[in-house]
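Asker: Pasting in a structure now, in structure tokens, and then I'll have a few things to ask.
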Amino acid sequence: MHKETKGKSIGYSGLEKSKKQQLVLFCPLQGAIDVISRKWALLIINEIGNHKRIRFSELRSELKEITAKSLSNTLDDLRSNDLITKESFKEIPPRVEYGLTHDGQGLHKAIMPLLQWAASREGAVVTECSCKHKPEILRIKKNRKNN
């Protein structure tokens, strides 16, 4: 997905990383899309943010439809984009926990307006929200045309 150029990795979105992991965004919107466009990325960020620290098996339980391979690949991608941390504990059995970086926490906070927008769209009906946000936060304004 990325091509190498003289010590720098450039993604198709125009997101450029030097060896020092400094990010240069040629287009902020395209850079954001590059990070969050993976199918499970926002759901994983949301789950980790809701739990502060979470194990792989707990993520699989919360996101019932994700395969182990998809979860593993998406976690690796989010880690390479410096949105999540992975902490391994030297225990038997081995334990690994995931948390959000500073940037990941910012993205987690930024998800709420997106959820509110989705819930307020014409014809949207929020019955049960798997992302654990309270339905009253996502309540739809009735008779928007009359307001």
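Asker: Among the residues of the range 64-92, which ones are touching a residue at least 12 places away in the same chain (Cβ under 8 Å), part of a strand (DSSP E or B) and of a type outside the set (Lys, Arg)?
Answerer: ILE84, THR85, GLU87
Asker: A further question on this structure: If you take the residues of the range 92-120 that are over 17 Å from the mean Cα position of the chain (by Cα) and surrounded by 10 or more Cβ atoms within 10 Å (Cβ to Cβ), which of them is modelled with the highest pLDDT? It would help to see each step written out before you state the result.
Answerer: Initially, the range 92-120 is screened for residues over 17 Å from the mean Cα position of the chain (by Cα), giving 92-96, 117, 119-120.
Next, from what is left, pick out any that are surrounded by 10 or more Cβ atoms within 10 Å (Cβ to Cβ): 95-96, 117, 119-120.
Numbers: ARG95: 92, VAL96: 95, TRP117: 85, ALA119: 77, SER120: 79.
Among those that are over 17 Å from the mean Cα position of the chain (by Cα) and surrounded by 10 or more Cβ atoms within 10 Å (Cβ to Cβ), it is VAL96.
Asker: Taking the condition modelled with pLDDT under 95, loosely packed, with under 13 Cβ neighbours inside 10 Å and not in a loop (DSSP other than H, G, I, E, B), does SER61 pass?
Answerer: On the way: modelled with pLDDT under 95: yes; loosely packed, with under 13 Cβ neighbours inside 10 Å: yes; not in a loop (DSSP other than H, G, I, E, B): yes.
Criteria met by SER61.
The values are calculated or read from the model by the stated rules, or taken from the named source; none is laboratory data. Quick caveat: nothing in here was measured; it's all calculated off a predicted structure. Neighbour counts run over all protein chains shown; Cβ positions are idealised from the backbone, glycine included.
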